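Take a look at the structure set out below.
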Amino acid sequence: MEQQTIKRTTSNDKDFQLLIKQLDHELWNELQEDQATYDQYNKVPDLNTVVLVYVNDQPAASGCFKKYNADTVEVKRMFVVKEHRGKGLSKTILAGLEDWAMEQGFKYALLETSIHFIPATTLYKKSGYTIIPNYDQYKGLEESVCMKKDLTASEFRELQGIEYFDFEEDFVEENMRCIPIIVRFKMDAAGIKLKLTEWSKFKRDERIQLAVLPASTSEEAKLYNNYLSQLIEKYTNNKATELTINTKPDWGNLQSIPGMLAEKAKEFNLEITKEKWSSLTNLQRFALLKLCRPGHENKNFPKAIKEFGLI
């Protein structure tokens, strides 16, 4: 079984330089005389923001970013060795670069690729990048495709297989994106507590795993609890806080409207009938009850009832 490891390093790293030589060789073979124009824009000397992925201790993929302006980075030198393509290494590199950029306070990422590199363009689109007018040196170059991503947007927005609500894009506290509703729902089912400071330490793939892992049966909930407990201990050296599992939560009662929700709805001259209540998904009902509670998310209640079609 292949073992993958990721490493943060600099442009002086010999493995990075080895991969860049391979990348440039492929670009010259692919683009030929056009590469003479682009080669001058690909130089990345003295960078301290390089990410490498190793497969069985051998360098297999690379990427880096450099500061573009006060709130934006430019992603450069994305490359995967031929024999390791199709394994998701490009996605791993890109996510690693984005996480690093966000840690440094950047909000946006730019990049440029070629119209001939369709797999690359597809990867970037799936990763949340949108095509923009060519910038700076790429203006007027018809072979170039320039793209941009808002790094502050949630990684759950385009994630398939889960419920994620538009109003959750506003879930930011102390410059940290909050725990999504789907994860809180599963934490309740698994009987475990998670603090925002703990959540913010997790890597992107770990956060996504917490969103997609099932927790609907007792066995699934137990496995979910174990996985989250291990993450908390890994990043904090502390044991996770266990919670009593409510076997009859209010969101699961379709026969009556919880009093807390009915009172909150009155503030908006809204009456939620049993028919409307029962037509919602489990997660929607769970979310409404969470949004009734005092706190920073309280302002999202009117956005939620609109998004759920209650007004």
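Each value in this text was obtained by applying a stated rule to the coordinates, not by laboratory testing. As the structure is a prediction and not an experimental result, all values here were calculated from the model. Cβ atoms come from the backbone with ideal geometry, glycine included; neighbour counts cover every protein chain shown.
So here's what we get for this one:
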{"read-out": "Order of K195, K139, K149 under a 10 Å beta carbon neighbour criterion, fewest first", "value": "K139, K195, K149"}
{"read-out": "Inter-probe distance in nm under a simple model that places probes 7 Å from Cα toward Cβ, at N226 and I311", "value": "4.6 nm"}
{"read-out": "In the range 40-92, chymotrypsin sites (Phe, Trp or Tyr not before Pro) in a DSSP loop with at most 15 other beta-carbon atoms within 10 Å", "value": "Y41"}
{"read-out": "Contour excess over end-to-end distance, with Cα ends at K303 and K248 and 0.36 nm allotted per residue", "value": "17.1 nm"}
{"read-out": "Reported label for calculated volume of the Cα convex hull per residue in Å³ given (1) 134; (2) 166; (3) 143", "value": "(2)"}
{"read-out": "R0 of 22 Å, Cβ-Cβ distance N238-S218: FRET efficiency to nearest 0.05", "value": "0.30"}
{"read-out": "Hull shadow area, averaged, the range 174-311 [alpha-carbon convex hull, nm²]", "value": "8.8 nm²"}
{"read-out": "Note, ³J(HN,Hα) from phi for the range 182-191, Karplus 6.51, -1.76, 1.60, rounded to Hz, x at Gly and Pro", "value": "4, 6, 4, 4, 6, 5, 4, 5, 8, x"}
{"read-out": "Sparse-neighbour loop sites [chymotrypsin sites (Phe, Trp or Tyr not before Pro); the range 209-311; at most 10 other C-beta within 10 Å; DSSP]", "value": "none"}
{"read-out": "Whole-Hz couplings from phi, Karplus 6.51/-1.76/1.60, listed for the range 78-91; x for Gly and Pro", "value": "6, 7, 10, 4, 3, 5, 10, 6, x, 10, x, 5, 4, 5"}
{"read-out": "D188, D250 arranged by Cβ crowding within 10 Å, fewest neighbours leading", "value": "D250, D188"}
{"read-out": "Distance (nanometres) between label positions extended 7 Å along Cα→Cβ at E26 and E267", "value": "5.4 nm"}
{"read-out": "Exposure proxy ranking, count of Cβ atoms within 10 Å, fewest first, for T236, T121", "value": "T236, T121"}
{"read-out": "Full-stretch length increase - A70, R293 - with 0.36 nm per residue and alpha-carbon distance subtracted", "value": "76.6 nm"}
{"read-out": "Loop-resident sites, the range 218-307, for trypsin sites (Lys or Arg not before Pro), counting at most 16 other Cβ within 10 Å (DSSP)", "value": "K239"}
{"read-out": "Nonlocal amide H pairs with S114, under 5 Å, H built at 1.01 Å", "value": "V145"}
{"read-out": "Cα shape, the range 64-145, gyration tensor, a/c 1.5 rule", "value": "oblate"}
{"read-out": "Extension gain, E142 back to Q3 (0.36 nm per residue minus Cα-Cα distance, nm)", "value": "46.0 nm"}
{"read-out": "Helix-derived mean residue ellipticity, 222 nm - over the chain, DSSP H n ≥ 4, -39500 (n - 2.57), to 500", "value": "-11500 deg cm²/dmol"}
{"read-out": "Shape call, the range 156-246: gyration tensor on alpha carbons, a/c limit 1.5", "value": "oblate"}
{"read-out": "Derived scalar couplings ³J(HN,Hα) [the range 50-60; Karplus, 6.51 cos²θ - 1.76 cosθ + 1.60; whole Hz; x for Gly, Pro]", "value": "10, 10, 10, 10, 10, 10, 6, 6, 10, x, 10"}
{"read-out": "Prolate/oblate/rounded label for the range 248-311 (Cα gyration tensor, a/c 1.5)", "value": "rounded"}
